[in-house]
Amino acid sequence: MADDKVPLDDPSLYANNFSFMGLPLSRDLDDPDVDAVVMGVPYDLGTSGRSGTRMGPSAIRRASANLRWEERRWPWDFILSEELGGIDYGDVDFLFGDSEDMLERVEQVAAEITAADKTLVTLGGDHFITLPLLRGHAQTHGELALIHFDAHTDTYDEDARYNHGSMFLRAPEEGLVDPARSIQVGIRTDYDVVEHPYEVLDALEASEETVDVIVDTIRRRVGDEPAYLTFDIDCLDPAFAPGTGTPVVGGLSTARALAILQGIADLNIVGFDVVEVAPPYDHADITALAGASLALQFLYMRASRGL
């Protein structure tokens, strides 16, 4: 019987799933073997509609257990753990109900991680967390190109100081993002087409054009600039991501989103987040699994650049 026992280090789909993909829980940024850091920001006080994204990071981590059994994620041709060292930093600690404290702490941690020459992968949380993440990344990399997957442009000029719909209006004002080198993909809600500073591939184009055309469009826009990739889960159609606060029908499929990301793997993308996963509205962890798959896809993208 002893020979039939499962090895203690064999990945389980249900036991001891405390970290993303079973990565070591650590905050050691001096380890030279660590290339990427996964971090959670359980915040949803910037939400304008249905709340619940504060539970997103833990749901994404739990869902990632369903991806651990594969040594190699299809269709990549290498084993991730052999090419990329990673840790799970845990969640950023901030004072409960204090958005200003969240902004300060997320920016600080993002700056520390990127200054240590690590690639940061962040699990949200509502989309407002991208603003302090951009601030932290810009301290290390300077002004960034933005690759933004979303149903909404998030360029709305709202009075609310803490709002998950205004980050990409504020980011250029702060010198964090260059709109002339940035692109938004999957947009299918109202925005000022005449005055809009970003190039937009709307949801119809992103769904009907070939993946190669979409990839070429993104590549031409971003070029070789250091880029930040932010993925609002509501870019996906609610059929593929029902667990989100502001669902909009007519979005991308998960398969198409993954294929587009694979096509831009060699761009100089220095940071990534997946946001707006709201477990209270999810079913069978569909949305959390999509979020985990997107985050894992980015880790493969990051690893492939070193091959």
Fill in: Distance from the stretch 23-86 to the stretch 247-307 (C-alpha centre basis), Å
11
Worksheet item: When Tyr228, Tyr14, Tyr300 are ordered from fewest to most other Cβ atoms inside 10 Å of their Cβ, what list results?
Response: Tyr14, Tyr300, Tyr228
Worksheet item: So for the stretch 144-283, taking the charge dipole from beta-carbon charges (+1 Lys/Arg, -1 Asp/Glu), which of Val270, Val248, Pro197 sits furthest toward the positive end?
Response: Val270
Worksheet entry | Whole-number percent relative contact order across the stretch 219-282, with pairs defined as alpha carbons under 8 Å at least 6 apart | 49
Worksheet item: Within the stretch 5-83, which trypsin sites (Lys or Arg not before Pro) sit in a loop by DSSP and count at most 12 neighbouring Cβ atoms inside 10 Å?
Response: Lys5
Practice prompt. Report the one residue of Leu13, Gly46, Leu29 whose Cα lies farthest in the direction of the positive end of the charge dipole of the stretch 6-56 (charges on C-beta: Lys and Arg +1, Asp and Glu -1; origin at the Cα centre).
Written response: Gly46
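If the only charges are +1 at each Lys and Arg Cβ and -1 at each Asp and Glu Cβ, what is the size of the charge dipole of the stretch 1-141 around the Cα centre, to the nearest 20 debye? Please list the in-between numbers first.
Numbers: 12 positive and 26 negative charges, 130 e Å.
Approximately 620 debye in magnitude.
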Discussion item. In Å and on Cα atoms, what radius of gyration and Dmax does the chain show?
Written reply: 18.2, 71
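Run the numbers on the stretch 162-243 and let me know its relative contact order in percent, using alpha-carbon pairs under 8 Å that are six or more apart. All intermediate terms of the calculation are to be shown ahead of the outcome.
On the way: 56 pairs, mean separation 22.1, N = 82.
That works out to 27 percent.
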Response to the item:
Note on the chain: helices (DSSP H) long enough, at least 18 Å by alpha carbon along their axis, and hydrophobic enough, mean Kyte-Doolittle at least 1.0, are 286-304
Item to complete: Tell me what the chain gives for mean residue ellipticity at 222 nm when only DSSP H runs of n ≥ 4 count, each as -39,500 (n - 2.57), the sum divided by the residue total, rounded to 500 deg cm²/dmol.
Response: -9500 deg cm²/dmol
Worksheet item: If you place +1 on the Cβ of every Lys and Arg and -1 on the Cβ of every Asp and Glu, how big does the dipole about the Cα centre of the stretch 178-307 come out, in debye to the nearest 20?
Response: 480
Discussion item. Under the rule a/c < 1.5 gives rounded, and otherwise a/b versus b/c splits prolate from oblate, where does the stretch 112-242 land using the Cα gyration tensor?
Written reply: rounded
Worksheet, complete the sentence: Most fluctuating of Asn163, Asn16, Asn268 in the GNM of the chain (C-alpha, under 10 Å) is Asn16
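The numbers here are math on the coordinates, done by the rules we state, and not lab data. Computed from a predicted model, the values in this text were never measured in an experiment. All Cβ positions, even for glycine, are placed from backbone atoms using ideal geometry, and neighbour counts span all protein chains on display.
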